[in-house]
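K.L.:
One structure follows; several queries about it will come next.
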Amino acid sequence: MRLFYHCLFIVACCSFACNSRKGLPVNNEPVLLKISVNTNKQFQVIENFGASDAWACQFAGLWPDEKKNAIADLLFSTDTFSDGSPKGIGLSLWRFNIGAGSTQQGELSGIRDEWRRAESFMELNGTYNWNRQAGQVWFLKAAQQRGVQQFLGFLNSPPINFTKNQKAFASNGITNIDSSKFDDLGKYIVEVIKGVKTSTAIDFNYISPVNEPQWDWSDGGQEGSPFKNEEIFGVVKALNRNLQQNNLLTKIIVPESGHIKYLLADEDKYGRGNQVNVFFDPSSSYYLGQFTNVNKTIAAHSYFSTSPSVTAISMRQNIATRVASVPGIHYWQSEYCILGDNDGEIKGEKRDLGIVPALYVANVIHKDLVYANATAWQWWLAVSPYDYKDGLVYIDQNKSNGTVYPSKMLWALGNYSRFIRPGMTRVDLSFSENATGVTASAYINTITKKMVVVIVNTNWDAQQVSLTNVANSTNLTRFDVYTTSEQKNMQKLLSLTETLSIDPRSITTLVTDY
């Protein structure tokens, strides 16, 4: 008899453990997560979601039409298949790499990987050649043809014509352009803006003259140059003057910090940090808000700050608090892919087209939007040939043709970018109880009265949810549901019930009227 009861006890314990692992109570009844959205409690207005053409687009843009159009559709299209599922992720901003000319130098550039070199519109003799960067220009036009309306030109390095060492990367961690060349750099950028406009009819809405100024950029891994804050001020001052003289409306974005911590303090990079206050406090010697063409935006990259979650959230809350203390400025997360080991949670090494990195990226986006109040979120390599978690779309490392491999990270970003359009406003969202493994955020179009809710479910089981708009005490019951999971790519279905089932290990976007 003792053995009989002992066996019953073991069976009961096994049943409890199994159900617990699934996130279910022991009676197998799923927990209903009640989501409350308050459309009256509003936060930041979203400006864009984007990605960059570095570096593979210089070659992919020269691939056969069928292949490069397939890539462009994945990145930019807002069209749908017959079942209503999106064909692409509908990026609303495209970042164009204004190269420094390392490609023209070839092996003499010192940049070992030719896929990381970049052409310049300025030839080595100082003349301009608007036939350069043809593959990138193809994608620039393809983006516009598919409805992208915001374009940003960025420089990783000044052109080699102006650098101290005649290279597109620095020596010994020293800024690779002399201050006497800042005006030449401003004139060059203006010529690029005008030249691209003439050849493509596309305006650069934004220009970013420096990139991750905290890093040394001295190893020949890619184009790049460090900058001190006072040097960034000098570059922007000269650029603003040249934009003004040419009646150009292009806005300057700075400083594209290599880590969000440098927005708040110098940390380990004296004279290259505390950039919110240095650039946007009117009492600062390097106040950029005085210049007409400077966008009232502080931009940084989310690398190396995304794990563990508690630390990531705290850092972003500090960013939001600091930015809010300076009237009129916004925060952009302007570059990200999975780098490093992220506190052991996920490694950047090794390509992975599946749902695991997609879920991680979806939660990074969530944190940047919800805790840092980012008004823009931009990815690094839209197209990658590498064995790394750095691409939205992957291709063979072949200059003339190859295979296209969409990743789940593409679709994870799409669950945000395709539906949260420029001008939409983030609103308050809360759960009625602890939502372990589930995050969510909500956005509204105040004109069309459309609401978008993005739910990230990292659990191995489906989650039952309901939504209420507490602003008018309405239980929402009709949703267009778009799911990305291991089996689905923003697959659409229509739900007409108060309770929705969110797939396990998925990113799900709900679109409804509010």
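K.L.:
Top to bottom by accessible area (1.4 Å), largest first, where do LEU264, LEU93 land?
P.N.:
Values: LEU264 40, LEU93 0 Å².
In descending accessible area the options line up as LEU264, LEU93.
K.L.:
Using a 1.4 Å probe and ignoring any ligands, DNA or RNA, find the accessible area of LYS347 and quote it in Å² to the nearest 10.
P.N.:
The value for LYS347 is about 130 Å².
K.L.:
Moving to a separate point now. Where the only charges are on Cβ atoms (+1 Lys, Arg; -1 Asp, Glu), what is the dipole of the chain about its Cα centre, to the nearest 20 debye?
P.N.:
Working: 47 positive and 47 negative charges, 161 e Å.
Charge dipole of the chain: 780 debye, to the nearest 20.
K.L.:
Here is a further query. From the phi angles alone, apply the Karplus equation (6.51, -1.76, 1.60; θ = phi - 60°) to segment 342-348 and give each ³J(HN,Hα) in whole Hz, x where the residue is Gly or Pro.
P.N.:
Computed from phi, the couplings for segment 342-348 are 6, 6, x, 7, 7, 9, x Hz.
K.L.:
Please tell me the relative contact order of segment 298-344 in percent, rounded to the nearest whole number, where contacts are Cα pairs under 8 Å and at least six residues apart.
P.N.:
Values: 41 pairs, mean separation 28.8, N = 47.
About 61 percent, as a whole number.
K.L.:
Quote the relative contact order of segment 181-284 in percent (integer), defining contacts as alpha-carbon pairs under 8 Å separated by 6+ residues. Present the calculation step by step, with values, prior to reporting the outcome.
P.N.:
Working: 141 pairs, mean separation 31.7, N = 104.
Here the relative contact order equals 30 percent.
K.L.:
Around LEU467, which amide H atoms from residues at least 5 apart in sequence, or from another chain, sit under 5 Å from its own amide H, with H modelled in the peptide plane?
P.N.:
ILE35, LEU476
K.L.:
Whole-Hz ³J(HN,Hα) for each residue in segment 391-403, computed from phi via Karplus 6.51 cos²θ - 1.76 cosθ + 1.60 with θ = phi - 60°, x for glycine and proline: what do you get?
P.N.:
Values per residue, Gly and Pro as x: x, 8, 10, 10, 9, 5, 7, 9, 6, 10, 5, x, 9 Hz.
K.L.:
With n ≥ 4 as the cut-off for DSSP H runs, can you work out [θ] at 222 nm for the chain, using -39500 (n - 2.57) per run divided by the number of residues, rounded to the nearest 500? Numbers along the way, then the final one.
P.N.:
Numbers: 11 runs with 136 residues, N = 514.
So the calculated ellipticity at 222 nm is -8500 deg cm²/dmol.
K.L.:
Amide H neighbours of TYR394 under 5 Å, counting only residues 5+ apart in sequence or on other chains, H built in-plane at 1.01 Å?
P.N.:
SER384, TYR405, SER407
K.L.:
Cα centroid distance between segment 436-485 and segment 28-94, in Å?
P.N.:
The two parts, judged by their Cα centres, are 18 Å apart.
K.L.:
State, as an integer percentage, the relative contact order of the chain based on alpha-carbon contacts under 8 Å between residues 6 or more apart. Numbers along the way, then the final one.
P.N.:
Numbers: 1225 pairs, mean separation 91.3, N = 514.
Computed value for the chain: 18 percent relative contact order.
K.L.:
Another question about this same structure. Beta carbons within 10 angstrom, averaged per residue: use that to sort the peptides 284-297, 112-125, highest first.
P.N.:
Ranked from most to least packed, the peptides come out as 112-125, 284-297.
K.L.:
Say R0 is 56 Å: what FRET efficiency, to the nearest 0.05, do SER285 and ASN131 get from their beta-carbon distance?
P.N.:
Values: r = 43 Å, r/R0 = 0.76.
Step by step, r from the Cβ atoms, then E = 0.85.
K.L.:
Could I ask something else about it? Using θ = phi - 60° and the Karplus form 6.51 cos²θ - 1.76 cosθ + 1.60, what ³J(HN,Hα) does each residue of segment 96-109 get, whole Hz, x for Gly and Pro?
P.N.:
Here the 3J(HN,Hα) series is 10, 6, 7, x, 9, x, 5, 4, 4, 7, x, 5, 5, 5 Hz.
K.L.:
How much length is gained if the chain between ASP513 and THR436 is pulled fully straight, taking 0.36 nm per residue apart and subtracting their Cα-Cα distance, in nm to one decimal? Numbers along the way, then the final one.
P.N.:
Details: separation 77, 0.36 × 77 = 27.72 nm, distance 2.73 nm.
Once the chain is fully extended between ASP513 and THR436, it gains 25.0 nm.
K.L.:
Here is a further query. Counting only protein heavy atoms and using a 1.4 Å probe, what share of the accessible area of the chain belongs to carbon plus sulfur, as a whole percent?
P.N.:
Numbers: 10290 of 20500 Å².
Summing carbon and sulfur atoms, their accessible area is 50 percent of the total for the chain.
K.L.:
Give me the 1.4 Å probe accessible area per residue for the chain, excluding ligands and nucleic acids, in Å². Spell out each step's value before the answer.
P.N.:
Values: 20500 Å² over 514 residues.
Value returned for the chain: 40 Å² of accessible area per residue.
K.L.:
For TYR394, what charge total do you get from the other residues with a beta carbon under 11 Å from its beta carbon, if Lys and Arg give +1 and Asp and Glu give -1? Present the calculation step by step, with values, prior to reporting the outcome.
P.N.:
Numbers: positive: ARG351, LYS389; negative: ASP352, ASP387, ASP390, ASP396.
Residues near TYR394 contribute -2 overall.
K.L.:
Separate question: From the square roots a ≥ b ≥ c of the eigenvalues of the alpha-carbon gyration tensor of segment 414-475, which class results: rounded (a/c under 1.5), prolate (a/b over b/c), or oblate?
P.N.:
Working: a/c = 2.50, a/b = 1.36, b/c = 1.84.
It comes out oblate by the Cα gyration axes.
K.L.:
Shifting gears a bit: If each residue of separation counts as 0.36 nm, what is the full-extension length gain between ASN445 and ASP216 once their alpha-carbon separation is subtracted?
P.N.:
Numbers: separation 229, 0.36 × 229 = 82.44 nm, distance 4.26 nm.
78.2 nm is the gain from fully extending ASN445 to ASP216.
K.L.:
Excluding ILE232 itself, calculate the net charge of residues whose Cβ lies under 13 Å from the Cβ of ILE232, where each Lys or Arg counts +1 and each Asp or Glu counts -1.
P.N.:
Values: positive: LYS228, LYS237, LYS269, ARG272; negative: GLU212, GLU230, GLU231, GLU256.
Cβ neighbours under 13 Å give a net charge of 0.
The values are calculated or read from the model by the stated rules, or taken from the named source; none is laboratory data. A quick note: this is a predicted structure, and the numbers were derived from the prediction, not measured. Counting neighbours? That spans all protein chains shown, and the Cβs are built from the backbone with ideal geometry, glycine included. Heads up: the accessible areas ignore ligands, DNA and RNA and are worked out on the full protein's heavy atoms, side chains in. Shrake-Rupley method; radii C 1.70, N 1.55, O 1.52, S 1.80 Å.
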